[in-house]
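Here's the structure, in structure tokens; my notes come after.
Values in this text are rule-based calculations from the coordinates and carry no lab data. All of these numbers come straight from a predicted model, not from anything done at the bench. In this analysis, Cβ positions are derived from the backbone assuming ideal geometry, glycine residues included, and neighbour counts consider all displayed protein chains.
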Amino acid sequence: MVSKFPWIFIVVVAVAIAVGISSYRSGAVATMTEKTSAQKTTEVSSQNHNTITIKQGASNKQNKILEPFSPSVLNIHVGDTVTWINEDSVSHTVDSIAFNSSELSPKTSNSPNSGGNPSSFKHTFREPGIFLYYSKKYPYMAGVIYVDTEETQRQLISTVTPNLTNVKIEMPWNSAYANKNGPFYIPVDAKVSEDNRITWENHDFIAHTATATDHSFDSGPVIPGHSFSTTAKGKGIIPYFCEIHPWMQGIVTIS
Ligand SMILES: [Cu+2]
């Protein structure tokens, strides 16, 4: 028994040292993990600030700029901030149900009439949803921001179906009241090709309209169970809304 004691002692000490080393190591690993997550946090916070550029020449529809607000579709998270920067040579506004910018001066303006207005506008998104915005001054300019919207849902609400010559857009059940952030039209940003037929079908129990902000089309009241069709003309983004429930908005992108 006595002769075994030093061996047991040695084993105990060896185990204690081994545990000590491994816990020291795991401490080091923990420190490395913290560093990695800190780096990740930095990456995420840099993604938290998104920029949308109002392109040079955006105010003139004849310039046929496909994305006057660039990018026109943005996917972000709750808590993220978006900054619109006016790089056009005239002033602009950014208008939506959720927010309205003041008059944004041209970024490179030397004009004494700019009145010291800012050339950029920031908005922080505090809740999930689909946020459409457009320009009240130049109503053919529009964009959409998806805040924590699942990709599957975005696909559902932005169908891209090649060879589809009749694109259907649904005015869903209780669309004016079910969800204050939409979708009010499904898909909310329909992508179509020029000369495609677009049909809005009213699946709701009340009448709605699909009225282009530039008045390039206007369904007038579409009663439940009925539909309205038009032909997609002119490449670009066309924002539209319901004249009866103007917070109902959608966009059609014609390419
Ligand atoms: Cu409506």
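See the values below:
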{"item": "Dipole of the range 49-148, positive end: most advanced residue of Gly143, Thr81, Gly57 [Cβ charges, Cα centre]", "result": "Gly57"}
{"item": "Fully extended contour minus Cα-Cα distance, from Asn75 to Ser102, at 0.36 nm per residue", "result": "7.3 nm"}
{"item": "Distant-in-sequence amide H partners of Ile169 (H built 1.01 Å from N, under 5 Å)", "result": "Thr199, Trp200, Glu201"}
{"item": "In sequence order, calculated HN-Hα J values of the range 187-194 (Karplus, 6.51, -1.76, 1.60; Hz; x Gly/Pro)", "result": "x, 6, 10, 6, 9, 10, 9, 4"}
{"item": "Protection proxy ranking, peptides 62-71, 240-249, average beta carbon neighbours within 10 Å, highest first", "result": "240-249, 62-71"}
{"item": "Extension reserve of the Asp195-Asn166 stretch, reckoned as 0.36 nm per residue once the Cα distance is removed", "result": "9.5 nm"}
{"item": "Cross-link pairs beyond the 18 Å C-alpha cut-off, checked among Lys191/Lys233; Lys61/Lys233; Lys107/Lys235", "result": "Lys107/Lys235"}
{"item": "Amide hydrogen neighbours beyond the local backbone of Lys137, cut-off 5 Å, H modeled", "result": "Thr93"}
{"item": "Residues Lys235 and Trp173, FRET efficiency given R0 of 30 Å [Cβ-Cβ distance, rounded to 0.05]", "result": "0.40"}
{"item": "Chain lengthening between Ser255 and Asn63 when straightened (0.36 nm per residue, less Cα-Cα)", "result": "67.6 nm"}
